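Okay, so here's the structure we're looking at.
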Amino acid sequence: RSSFLSMPSKSSPAPVRVCYATFVKEGDGVQLMRCARCSNAYYLGAAEQKRHWKVHKKTCRPVDQGERDRISRMTLNQAEAALEATLQRGGDATTALLMQTIRDRFVHGDDDAAEDDYDPGDIGLRMHSFA
(Lines give C-alpha, C1' and ligand atoms only; values in the text may rest on other atoms or scores of the structure.)
Protein backbone atom coordinates (compact mmCIF):
# COMPACT_ATOMS: atom_id res chain seq x y z
CA ARG A 1 0.00 0.00 0.00
CA SER A 2 1.45 3.37 -0.92
CA SER A 3 1.02 6.53 1.07
CA PHE A 4 0.99 10.16 0.02
CA LEU A 5 2.50 11.13 3.37
CA SER A 6 5.97 10.37 4.60
CA MET A 7 8.15 11.33 7.51
CA PRO A 8 10.89 13.87 6.79
CA SER A 9 14.38 12.53 6.17
CA LYS A 10 16.94 12.53 8.97
CA SER A 11 18.85 15.39 7.32
CA SER A 12 17.09 18.69 7.93
CA PRO A 13 16.60 20.83 4.84
CA ALA A 14 17.57 24.49 4.93
CA PRO A 15 14.75 26.62 6.31
CA VAL A 16 12.51 28.33 3.78
CA ARG A 17 12.10 31.98 4.65
CA VAL A 18 8.81 33.63 3.72
CA CYS A 19 7.62 37.21 4.08
CA TYR A 20 5.13 37.23 6.93
CA ALA A 21 2.96 39.83 5.17
CA THR A 22 3.02 38.67 1.54
CA PHE A 23 4.11 34.98 1.74
CA VAL A 24 6.76 35.61 -0.94
CA LYS A 25 9.64 33.13 -0.57
CA GLU A 26 13.24 34.24 -0.31
CA GLY A 27 15.45 33.26 -3.24
CA ASP A 28 15.77 33.91 -6.96
CA GLY A 29 16.73 37.53 -6.36
CA VAL A 30 14.30 38.07 -3.49
CA GLN A 31 16.06 38.92 -0.23
CA LEU A 32 14.00 39.29 2.93
CA MET A 33 14.76 41.53 5.90
CA ARG A 34 14.50 40.26 9.46
CA CYS A 35 12.47 42.03 12.16
CA ALA A 36 15.04 43.91 14.25
CA ARG A 37 13.08 43.51 17.50
CA CYS A 38 12.41 39.76 17.62
CA SER A 39 14.64 38.42 14.80
CA ASN A 40 11.99 35.81 14.00
CA ALA A 41 9.84 37.45 11.32
CA TYR A 42 10.92 38.21 7.76
CA TYR A 43 9.60 40.89 5.42
CA LEU A 44 10.15 42.12 1.85
CA GLY A 45 10.59 45.62 3.25
CA ALA A 46 9.50 48.23 5.77
CA ALA A 47 6.11 48.82 4.11
CA GLU A 48 5.17 45.13 4.44
CA GLN A 49 6.40 45.05 8.03
CA LYS A 50 4.34 48.11 8.93
CA ARG A 51 1.23 46.67 7.27
CA HIS A 52 1.66 43.40 9.20
CA TRP A 53 2.46 45.01 12.59
CA LYS A 54 -1.10 44.68 13.95
CA VAL A 55 -0.75 40.89 13.68
CA HIS A 56 2.96 40.58 14.49
CA LYS A 57 3.08 42.80 17.59
CA LYS A 58 1.48 40.07 19.73
CA THR A 59 4.44 37.75 19.19
CA CYS A 60 7.24 40.28 18.60
CA ARG A 61 9.71 39.86 21.40
CA PRO A 62 13.00 38.06 21.65
CA VAL A 63 12.88 34.62 23.29
CA ASP A 64 15.49 34.58 26.04
CA GLN A 65 18.08 31.83 26.29
CA GLY A 66 16.39 30.27 29.34
CA GLU A 67 13.14 29.82 27.37
CA ARG A 68 15.06 28.46 24.38
CA ASP A 69 16.85 25.92 26.59
CA ARG A 70 13.62 24.86 28.31
CA ILE A 71 11.85 24.33 24.97
CA SER A 72 14.83 22.51 23.44
CA ARG A 73 14.66 19.91 26.25
CA MET A 74 10.96 19.18 25.67
CA THR A 75 9.79 15.83 24.38
CA LEU A 76 7.39 15.71 21.44
CA ASN A 77 4.42 15.32 23.79
CA GLN A 78 5.54 18.22 25.99
CA ALA A 79 6.15 20.51 23.01
CA GLU A 80 2.75 19.64 21.54
CA ALA A 81 1.00 20.41 24.85
CA ALA A 82 2.88 23.72 25.17
CA LEU A 83 2.00 24.63 21.58
CA GLU A 84 -1.65 23.87 22.19
CA ALA A 85 -1.64 26.14 25.25
CA THR A 86 0.05 29.02 23.44
CA LEU A 87 -2.23 28.74 20.39
CA GLN A 88 -5.33 28.76 22.59
CA ARG A 89 -4.07 32.10 23.96
CA GLY A 90 -3.61 33.40 20.42
CA GLY A 91 0.10 32.58 20.07
CA ASP A 92 3.16 34.24 21.51
CA ALA A 93 6.88 34.61 20.90
CA THR A 94 7.49 30.90 21.62
CA THR A 95 4.99 29.57 19.03
CA ALA A 96 7.48 29.29 16.16
CA LEU A 97 10.15 27.81 18.43
CA LEU A 98 7.70 25.17 19.69
CA MET A 99 6.72 24.30 16.11
CA GLN A 100 10.41 23.94 15.20
CA THR A 101 10.94 21.69 18.23
CA ILE A 102 8.05 19.46 17.14
CA ARG A 103 9.50 19.28 13.63
CA ASP A 104 12.95 18.41 15.02
CA ARG A 105 11.45 15.62 17.14
CA PHE A 106 9.91 14.13 13.98
CA VAL A 107 13.13 14.43 11.98
CA HIS A 108 15.50 13.18 14.68
CA GLY A 109 13.12 10.90 16.58
CA ASP A 110 11.73 11.12 20.08
CA ASP A 111 12.09 8.12 22.39
CA ASP A 112 9.36 9.39 24.75
CA ALA A 113 6.84 9.54 21.91
CA ALA A 114 7.66 5.98 20.84
CA GLU A 115 7.26 4.72 24.41
CA ASP A 116 3.85 6.38 24.71
CA ASP A 117 2.60 4.64 21.54
CA TYR A 118 2.40 8.12 20.02
CA ASP A 119 0.82 8.32 16.57
CA PRO A 120 2.46 11.15 14.59
CA GLY A 121 -0.03 10.67 11.79
CA ASP A 122 -2.72 12.67 13.53
CA ILE A 123 -0.65 15.59 14.89
CA GLY A 124 -1.79 17.83 12.02
CA LEU A 125 -5.42 17.17 12.84
CA ARG A 126 -4.81 17.95 16.52
CA MET A 127 -2.93 21.15 15.68
CA HIS A 128 -5.81 22.34 13.49
CA SER A 129 -8.17 21.86 16.41
CA PHE A 130 -6.03 23.89 18.87
CA ALA A 131 -7.17 27.33 17.79
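The values are calculated or read from the model by the stated rules, or taken from the named source; none is laboratory data. All of these numbers come straight from a predicted model, not from anything done at the bench. Here Cβ is always computed from backbone atoms with ideal geometry, including for glycine, and neighbour counts include all displayed protein chains. Calculation scope for accessible area: heavy atoms of the full protein, side chains included, ligands and nucleic acids excluded. Shrake-Rupley method; radii C 1.70, N 1.55, O 1.52, S 1.80 Å.
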For peptides 61-67, 72-78, sequence by mean Cβ density within 10 Å, most packed first: 72-78, 61-67
Efficiency of FRET between Q65 and F23 - r from beta-carbon atoms, R0 35 angstrom, step 0.05: 0.70
Residue list for the stretch 68-82, given a label point 7 angstrom along the Cα-to-Cβ vector of Q88 and an amide N cut-off under 12 Å: 81-82
Computed label-point distance, nm, for sites N77 and R103 using a 7 Å Cα→Cβ extension: 2.5
Heavy-atom surface of the stretch 18-113, accessible at 1.4 Å and reported per residue (Å²): 60
